[in-house]
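Data block below; observations after.
Where a number appears in this text, it was derived from the coordinates with a stated rule and is not lab data. Everything numeric here is computed off the predicted structure, so don't read it as measured data. Cβ: placed from backbone, ideal geometry, glycine included. Neighbour counts: every protein chain shown.
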Amino acid sequence: MGTNVLKTETPTSIDDAVYFLKENFNEGDHRPAISFGFGDPSCFECFRTTPIAEDAIVEAVRSAKFNSYAPTGGILPARRAVADYLSRDLPYRLSPDDVYLTLGCNQAAEITIKVLARPGANILLPRPGYPDVETYAIFNNLEIRQFDLLPERGWEVDLDAVEAISDENTIAMVIINPGNPSGSVYTYNHLNKIAETARKLGILVIADEVYGHLVYGSSPFVPMSLFATIVPVITLGSVSKRWMIPGWGLGWLVTCDPSGLLRKDEIAESINKLLVYSPFPPTLIQGSIPQILEKTTQDFFSKTINILRKNLDICYDKLKEIPCIMIPQKPEGAFFAMVKLNLLLLEDIEDDMEFCLKLAKEESLIILPGVTVGLKNWLRVTFAVEYSSLEDGLGRLKSFCQRHAKKYSLTGSTAADQQIHVEH
Ligand SMILES: *Cc1c(COP(=O)(O)O)cnc(C)c1O
């Protein structure tokens, strides 16, 4: 495929980019293909979910109690289980009425956007961010305004930018914590400031916490709903990431508003109206949720966290050794590291897309170009893969970068630099 084709067909969604890169594998390469493209560790044996979850499904089947249609929003025991699970980290209790069960966290985001969209309104989204939310906003004619996350400040929200881009038609801001693609984990203080800013602007905070509790550094996971007395929060989550079962399609949308700042009946009515006409998680899966959330032991969580932490350490150390790659911040959570390419050090690569395309062709390795998550000339690397693939893939990345590095002369300047000197 020629470069011209690439330029006109540059894919922008994560899925499109990964499939596009896959099509460019070199069939003559007999090494196994490796993908650091998606964040889905569930296909690796070391990340198999807990037997508690597997047994919960089997029991739900055998009980014959979950063969009927579920009521809109989910069956009560499942909603109660989610409310209790999230309330463990809060000084107040969520009620089952605050919880709506959805087909994964993605549907929770979609429903939230649909409920909030109205003519003329806008929503504030982080850059870099998670492109699906953007797509839902576009489909629902909700204007998108982006604020930057600041790599040099641990990918914190640029709150001045949030204030600058918001106006009386702004309805909400979105945060993703722990961060995809940034791998950041926000401190209590930063979340508190986000809440204060949103309150001042009179907007809601939508908190995508699908990576909740998946943290490896010194910062603990703090849920945004802890600040819901300051500003109403809509929490989005699922069992997909912490339990490594994204294929089960069970997520939630939770309205966190202990001070009663929201008109909850209105919100409940519009969410229910949308959910009536939407697909919903199978009753069987809903039936397994109380067991999964209540019975999963700390052993399982510790095991996955330990594997991920070890992977992260290796990933961070190896990436640091590569001159054309800059990591502003060691990730502290989720599945990803966001790194910047120094294109000046590369000979024949114009941008992140070309980097990833050549990497797929030459090394059968997929890495996500940053442009798909809003930052051109960055890369998103997942470390949530099996250890041997991680080591192998990082080795391939290193040799690729060495092969494409600009060649320096003995004086330390490049051939191009010397030409410039001659012209002077
Ligand atoms: C994976 C992911 C989702 C989707 O979660 P599902 O439960 O699989 O729908 C949503 N938001 C972010 C930031 C994610 O990384």
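Data table
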item: Note, ³J(HN,Hα) from phi for the stretch 18-35, Karplus 6.51, -1.76, 1.60, rounded to Hz, x at Gly and Pro; result: 5, 5, 4, 5, 4, 5, 9, 4, 8, 5, x, 7, 8, 6, x, 5, 10, 10
item: For the stretch 160-235, alpha-carbon Rg and Dmax in angstrom; result: 12.2, 39
item: Counting DSSP beta bridges with both ends in the chain, the antiparallel % (nearest 5); result: 55
item: Principal semi-axes in Å for the chain [√(5λ), Cα gyration tensor, largest first]; result: 39, 26, 20
item: GNM flexibility winner over the chain from 114, 406, 241 (Cα, springs under 10 Å); result: 406
item: Whole-Hz couplings from phi, Karplus 6.51/-1.76/1.60, listed for the stretch 257-266; x for Gly and Pro; result: 7, x, 8, x, 7, 8, 7, 5, 5, 5
item: Leading residue at positive end of dipole, the stretch 51-295 (Cβ point charges), from 223, 244, 285; result: 285
item: The stretch 1-136: relative contact order in percent, alpha carbon pairs under 8 Å with at least 6 residues between; result: 16
item: Listed residues 122, 90, 66: farthest to the positive end of the dipole of the stretch 51-295 (Cβ charges); result: 66
item: In Hz, Karplus ³J(HN,Hα) per residue of the stretch 181-196 (6.51, -1.76, 1.60; θ = phi - 60°; x = Gly, Pro); result: x, 7, x, 7, 10, 7, 7, 3, 4, 5, 5, 4, 5, 4, 4, 4
item: Under DSSP loop assignment and at most 10 Cβ neighbours within 10 Å, longest chymotrypsin sites (Phe, Trp or Tyr not before Pro)-free interval of the chain; result: 70-276
item: Count of Lys pairs (Cα-Cα under 25 Å; at least 8 positions apart or interchain) in the stretch 277-322; result: 4
item: Sites excluded, GluC sites (Glu not before Pro) in DSSP loops with at most 15 other C-beta within 10 Å, longest stretch of the chain; result: 169-320
item: Of 198, 17, 33, the one that fluctuates the most in a GNM where the chain has Cα springs shorter than 10 Å; result: 33
item: Acute angle (nearest 10 degrees) that the helix 352-363 long axis makes with the longest principal axis of the chain, alpha-carbon atoms; result: 80
item: Amide proton proximity set for residue 170, modelled H, under 5 Å, gap of 5+; result: 122
item: Under-5 Å amide H pairs with residue 156, H placed in peptide plane, nonlocal only; result: 150
